[in-house]
Amino acid sequence: MPIQSVILSTGSYLPEKIMTNSDLEKIVDTTDAWITQRSGIQSRHIAADDESTADLAIAAAKDAMERGNIDPLSIDGVIVATTTPDQTFPSVAVKVQAALGLPVGLAFDVQAVCTGFVYALATANNFIIAGQAKRILVVGAEKMSSIVDWTDRTTCVLFADGAGAVVLDAQEAESNGNRGVLSTHLYANGTMRDLLYTNGGPSSTGDAGHIIMHGREVFKYAVTYMADAVNEALAANDVAAADIDWLVPHQANIRIIEATAKKLDMDINKVVVTVDHHGNTSAASIPLALHEAVADGRIQQGQLVLLEAMGGGLTWGSALVRF
Ligand code: UT7
């Protein structure tokens with residue numbers, strides 16, 4: 001019997017502190033009008049100094065476990081997508097495992113920047129369909145404020161902090177209405193790594209460095225690659241864009257989201273948008289948006305949900321899920 005990875009529950013955590021565009025006007029030479037018009041962002045959450053990525057990941061994971069009423073002892077894997085781990089090692093994933101009292105099992109971080117959650121979901125799905133795990137906690141968590149140069153107005157107005165989580169469960173496709181992850185497609189093109197990167201790292205400068213982004217070029221590739229990833233998912237599953245109930249894109253810029261929806265001829269009302277109040281939370285953006293739409297009742301069991309992302313690397317990818 002074919003096994004599929006069903007999303008049992010979702011959860012999220014956003015730091016208490018909200019930073020508005022007018023707060024940013026006091027830090028760098030920018031305006032609320034510029035940030036709103038160019039990115040669609042109005043406010044974002046910023047972690048406290050003593051709040052780490054693992055703290056955010058643990059809170060989101062706990063939320064998903066509680067909402068699904070899931071027995072911690074049933075979890076045999078943790079995969080965390082993050083670009084901003086607390087330490088070079090150990091992983092954020094082992095901290096989540098320990099904090100939630102999960103049993104010994106696989107635990108590791110995945111680093112694919114803004115595409116990280118799609119990479120982590122695909123990896124977890126592959127463990128499950130290979131029969132090597134039964135229930136995996138997949139988390140996207142970022143403290144992007146820790147690698148932003150707060151004097152660089154071209155990036156500091158965009159990135160933000162938060163975490164989202166899902167619990168994936170191995171189920172027999174035939175007995176569950178064909179729910180679960182139906183396909184994943186992952187890509188990277190390392191020749192374009194200099195479009196978006198940090199100017200540091202453990203084996204080069206010895207510190208994490210700050211984000212450098214050639215925004216205009218990244219924008220151009222973002223629309224093309226995200227639309228390609230979506231089209232590939234549709235073709236692989238023999239479904240039309242009109243069959244998709246919800247598109248949950250990476251939340252980098254409202255103009256990228258709208259342009260992608262237009263290119264795919266998808267109704268913008270079927271697109272989950274959180275960029276206005278979350279900003280760009282990198283690997284956390286998709287699970288945060290997914291959870292928001294599940295929690296407010298938009299996304300219902302049995303619906304077709306398409307996740308897609310693009311980020312540094314450049315990396316991009318998609319996942320089609322029957323929720
Ligand atoms: O999440 C991973 C993937 N990342 C993305 O997908 C981000 C993709 N890129 C973008 O979202 C957009 O390119 C940005 C929002 C980053 C920038 O928007 P843009 O329309 O591409 O603006 P631009 O970079 O072409 O800059 C236009 C002008 C420049 O001034 P000049 O050269 O025209 O005089 C910038 O210096 O806006 C200026 N500018 C700002 N002005 C006020 C740049 N940042 C700011 C700012 N406030 N914060």
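The values are calculated or read from the model by the stated rules, or taken from the named source; none is laboratory data. This is a predicted model, so every value here is computed, not measured. Cβ atoms come from the backbone with ideal geometry, glycine included; neighbour counts cover every protein chain shown. Only protein heavy atoms, including side chains, enter the accessible area calculation; ligands, DNA and RNA are left aside. Shrake-Rupley method; radii C 1.70, N 1.55, O 1.52, S 1.80 Å.
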Can you find a residue that is more than 14 Å from L137 (Cβ to Cβ) and assigned to a strand (DSSP E or B) anywhere in the stretch 31-44?
yes
Determine whether the stretch 87-96 contains at least one residue that is within 16 Å of the ligand (Cβ to nearest atom), of a type outside the set (D, E, K, R), buried (at least 24 other Cβ atoms within 10 Å of the Cβ) and not in a loop (DSSP other than H, G, I, E, B).
no
From the list H185, H250, H214, pick out the single residue that is within 14 Å of the ligand (Cβ to nearest atom), under 18 Å from the mean Cα position of the chain (by Cα) and not polar (S, T, N, Q).
H250
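Yes/no per residue for (1) out of contact with any helix residue (DSSP H, G or I) (no Cβ under 6 Å at 6 or more places or on another chain); (2) more than 21 Å from V275 (Cα to Cα); (3) modelled with pLDDT of 95 or more:
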| site | (1), (2), (3) |
| --- | --- |
| A60 | yes, no, yes |
| E66 | yes, yes, yes |
| P85 | no, yes, yes |
| A141 | no, no, yes |
| T151 | yes, yes, yes |
| T155 | yes, no, yes |
Counting only residues that are over 19 Å from G164 (Cβ atoms), near the ligand (Cβ under 10 Å from one of its atoms) and part of a strand (DSSP E or B), the stretch 304-315 contains a total of 0
Determine if the stretch 276-288 includes at least one residue that is open to solvent by 50 Å² or more (accessible area, probe 1.4 Å) and over 23 Å from I46 (Cβ atoms).
no
From A64, A54, residue being touching an Asp or Glu at 6+ places or on another chain (Cβ under 8 Å), open to solvent by less than 10 Å² (accessible area, probe 1.4 Å) and part of a helix (DSSP H, G or I):
A54
Conditions first: (1) open to solvent by 10 Å² or more (accessible area, probe 1.4 Å); (2) at pLDDT below 95. K270 passes all but one, so which condition is the exception?
(2)
I'm trying to understand the selection: among the residues of the stretch 125-144, which are farther than 15 Å from M213 by Cα and within 16 Å of the ligand (Cβ to nearest atom)?
G140, A141, E142, K143
Among (1) open to solvent by 10 Å² or more (accessible area, probe 1.4 Å); (2) within 12 Å of the ligand (Cβ to nearest atom); (3) farther than 18 Å from T83 by Cβ, the one test that D228 misses
(2)
Got a number for residues in the stretch 263-303 being more than 16 Å from the ligand (Cβ to nearest atom) and of a type outside the set (A, V, I, L, M, F, W, C)?
14
Looking at I46, I7, which is the one that is more than 13 Å from the ligand (Cβ to nearest atom), in contact with a Phe, Trp or Tyr (Cβ under 7 Å, 6 or more places away or on another chain) and either open to solvent by less than 10 Å² (accessible area, probe 1.4 Å) or more than 18 Å from G215 (Cβ to Cβ) (or both)?
I7
Just give me the residues in the stretch 126-172 being open to solvent by less than 60 Å² (accessible area, probe 1.4 Å) and either in the same structural domain as S282 (by TED's automatic domain parsing) or aromatic (F, W, Y) (or both), in sequence order.
F127, F159
Of the residues T82, T36, which is under 23 Å from I18 (Cβ atoms) and touching an Asp or Glu at 6+ places or on another chain (Cβ under 7 Å)?
T82
Mind listing whichever residues of the stretch 175-192 are farther than 18 Å from D238 by Cα and either aliphatic (A, V, I, L, M) or not in a strand (DSSP E or B) (or both)?
S175, N176, L186, A188, N189, G190, T191, M192
